[in-house]
1. Kindly establish whether Ala385 is assigned to a helix (DSSP H, G or I), within 30 Å of Met506 (Cα to Cα) and of a type outside the set (Asp, Glu).
2. Exactly one condition in (1) out of contact with any helix residue (DSSP H, G or I) (no Cβ under 8 Å at 6 or more places or on another chain); (2) open to solvent by 40 Å² or more (accessible area, probe 1.4 Å); (3) in contact (Cβ under 8 Å) with a residue 40 or more places away in the chain is false for Lys340; which is it?
3. Is it the case that region 345-354 has a residue that's within 19 Å of Tyr406 (Cβ to Cβ), open to solvent by less than 40 Å² (accessible area, probe 1.4 Å) and modelled with pLDDT of 95 or more?
4. Identify, please: which residue in region 128-178 is over 24 Å from the mean Cα position of the chain (by Cα) and hydrophobic (A, V, I, L, M, F, W, C) and is, among those, least open to solvent (accessible area, probe 1.4 Å)?
5. Could we say that Gly367 is over 30 Å from Glu267 (Cβ atoms) and buried (at least 18 other Cβ atoms within 10 Å of the Cβ) here?
6. Does at least one position in region 229-242 carry a residue that is farther than 30 Å from Lys400 by Cα, open to solvent by 10 Å² or more (accessible area, probe 1.4 Å) and free of Cβ contacts under 8 Å to residues at least 24 places away in the same chain?
7. Tell me the residue from Asp215, Asp113, Asp196 that is of a type outside the set (Phe, Trp, Tyr), free of Cβ contacts under 8 Å to residues at least 24 places away in the same chain, in a helix (DSSP H, G or I) and open to solvent by 10 Å² or more (accessible area, probe 1.4 Å), please.
Amino acid sequence: MRRSVDTLHELKQLVVEGPSPAATERQHAKGKLTARERIAVLLDKDSFQEVEALRRHRATGFGLEGNRPHTDGVITGWGTVEGRTVFVYAHDFRLFGGALGEAHAQKIHKIMDLAIAAGAPLVSLNDGAGARIQEGVSALAGYGGIFQRNTRASGVIPQISVMLGPCAGGAAYSPALTDYVFMVRETSQMFITGPDVVQAVTGEKITQNGLGGADVHAELSGVAHFVYDDEQTCLEEVRYLLSLLPQNNREQPPAVVTDDPADRRGEALYELVPSDGNRPYDMRAVIEELVDDGVHLEVHERWATNVICTLARLGGRAVGIVANQPRSLAGVLDIDSSQKAAGFVQTCDSFNIPIVTLVDVPGFLPGVGQEHDGIIRHGAKLLYAYCNATVPRISVVLRKAYGGAYIVLDSRSIGADLALAWPTNEIAVMGADGAAGVIFRREIAAAEDPEAVRKARTEEYRTELMHPYYAAERGLVDDVIDPADTRAVLVRGLEMLATKDADLPMRKHGNPPQ
């Protein structure tokens with residue numbers, strides 16, 4: 001028995017060491033960690049329990065029968081992050097370039113099934129060359145099994161994809177099905193067809209990073225939620241994100257004890273937010289003044305920058321914040337920002353994260369391009385996400401809230417539990433200038449001094465319908481609050497709503513706008 005155990009330990013040591021020192025050096029030379037080094041950064045020290053480390057493929061042909069390394073190019077198992085169970089699989093680029101074959105896929109299927117059964121998050125560390133061509137359709141079927149499990153786990157357990165190398169073809173669809181995608185600049189790429197195919201078909205010349213690099217997906221496509229300069233920082237931020245999420249959709253996000261007083265007054269808000277609705281300001285500074293210790297984790301920071309979606313804590317409780325950004329397109333809603341906020345609201349609702357909406361919106365972005373590209377359809381996605389959300393929801397109107405954009409951004413009429421406003425709020429169908437121009441169009445046109453009449457009628461409309469207490473008088477705003485008290489009011493509101501119980505009608509699933 002002792003000899004057998006010694007043999008086992010020797011074999012496992014060889015598996016851990018990997019194919020060769022030269023292969024490890026090549027990985028490091030690219031600025032990349034090995035699969036096991038990545039897992040060590042992600043998980044708590046000595047917590048990783050590997051599954052199927054001795055698995056080998058059974059494929060033949062094209063020289064495969066003579067190349068049967070243990071693990072088959074993917075490391076699977078579970079461990080802990082801050083003491084909570086997390087499942088993980090990591091492609092080992094040193095073996096078959098991380099390419100997926102039948103045995104490789106079956107290992108991933110098993111760990112995904114375990115994650116779903118145990119009700120714990122799943123993190124994939126992606127660094128693979130796609131399907132293993134030598135195994136043909138068996139490799140493609142393996143991807144199908146991953147996609148099916150991604151979909152089954154959606155909204156049940158948090159799924160996080162970390163892109164640490166190339167991801168091409170059908171392999172890109174698994175990350176696209178998960179809740180969050182992390183990328184590392186220069187070393188990770190995602191695309192359906194690579195630069196060579198693009199050039200052959202369209203004649204366009206482009207590099208891998210230019211086609212599907214981290215910055216492209218962070219700024220243009222919106223595929224990447226988070227982007228970092230190095231793997232170490234990226235994986236540490238994955239750990240932080242996990243600390244804000246529950247284990248599954250049946251649990252609440254973990255709360256922490258904070259030294260930041262719940263009733264801390266934010267008098268800096270008086271200066272941060274100009275009362276003049278036409279003057280821009282940085283909404284991030286407002287968020288930092290409100291949340292615990294000024295710390296938040298922004299999702300899609302560089303895509304659709306006219307809306308901010310971020311995770312933070314208020315009074316120690318995890319919360320999702322949606323906020324217009326007046327510094328970008330005046331904070332209007334357009335196609336991209338509607339899609340961004342809709343996805344964020346839906347994810348928060350899936351994992352029991354309350355939603356706070358900070359509103360300062362002049363409306364939807366007008367334009368032929370927006371209309372022809374489907375602003376109605378895409379704007380409806382955000383409306384649907386809010387209407388469908390059953391988590392605690394609090395909205396605060398800071399300044400402007402005009403037209404359909406006011407309704408869409410979690411107004412009382414679509415189900416906000418608490419609707420609050422600052423004394424600088426203007427809630428109306430449109431701005432006073434535009435409204436007066438429509439209502440009094442003929443009178444203004446016929447006047448001897450049209451500009452004087454326009455100014456008078458504009459002031460009349462503002463006085464009658466746009467004063468800060470108009471909505472409160474009609475029960476559409478629960479309270480008009482001192483901006484400095486916003487943090488305290490939000491914390492108390494979230495504490496009250498912590499036991500909220502709201503059920504949707506029985507149905508197979510909704511049919512959201514596409």
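The values are calculated or read from the model by the stated rules, or taken from the named source; none is laboratory data. If you're wondering where the values come from, they're calculated on a predicted model, not measured in any experiment. Note that we place each Cβ from the backbone using ideal geometry, even for glycine, and neighbour counts take in every protein chain shown. When the accessible area is computed, the model is the full protein with side chains, heavy atoms only, and any ligands, DNA or RNA have been set aside. Shrake-Rupley method; radii C 1.70, N 1.55, O 1.52, S 1.80 Å.
1. Values: assigned to a helix (DSSP H, G or I): yes; within 30 Å of Met506 (Cα to Cα): yes; of a type outside the set (Asp, Glu): yes.
Here the answer is yes, as Ala385 does meet what is asked.
2. Lys340 satisfies every listed condition except (2).
3. Quick first cut of region 345-354, residues within 19 Å of Tyr406 (Cβ to Cβ) only: 345.
Still in the list and also open to solvent by less than 40 Å² (accessible area, probe 1.4 Å): 345.
Filter again for modelled with pLDDT of 95 or more, leaving 345.
Checking region 345-354: at least one residue is within 19 Å of Tyr406 (Cβ to Cβ), open to solvent by less than 40 Å² (accessible area, probe 1.4 Å) and modelled with pLDDT of 95 or more.
4. Here the answer is Ala139.
5. On the way: over 30 Å from Glu267 (Cβ atoms): yes; buried (at least 18 other Cβ atoms within 10 Å of the Cβ): no.
Spelling it out, it is not the case that Gly367 is over 30 Å from Glu267 (Cβ atoms) and buried (at least 18 other Cβ atoms within 10 Å of the Cβ).
6. yes
7. Working: Asp215 fails: free of Cβ contacts under 8 Å to residues at least 24 places away in the same chain; Asp113 fails: free of Cβ contacts under 8 Å to residues at least 24 places away in the same chain.
Going through Asp215, Asp113, Asp196 in turn, just one is of a type outside the set (Phe, Trp, Tyr), free of Cβ contacts under 8 Å to residues at least 24 places away in the same chain, in a helix (DSSP H, G or I) and open to solvent by 10 Å² or more (accessible area, probe 1.4 Å): Asp196.
A quick yes/no check of all residues on (1) in contact with a Leu (Cβ under 9 Å, 6 or more places away or on another chain); (2) surrounded by fewer than 12 Cβ atoms within 10 Å (Cβ to Cβ); (3) under 30 Å from Gly343 (Cα atoms); (4) among the charged types (D, E, K, R):
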{"site": "Asp449", "(1), (2), (3), (4)": "no, yes, no, yes"}
{"site": "Tyr469", "(1), (2), (3), (4)": "no, no, no, no"}
{"site": "Pro483", "(1), (2), (3), (4)": "yes, no, yes, no"}
{"site": "Leu490", "(1), (2), (3), (4)": "yes, no, yes, no"}
{"site": "Gly493", "(1), (2), (3), (4)": "yes, no, yes, no"}
{"site": "Pro513", "(1), (2), (3), (4)": "yes, no, yes, no"}
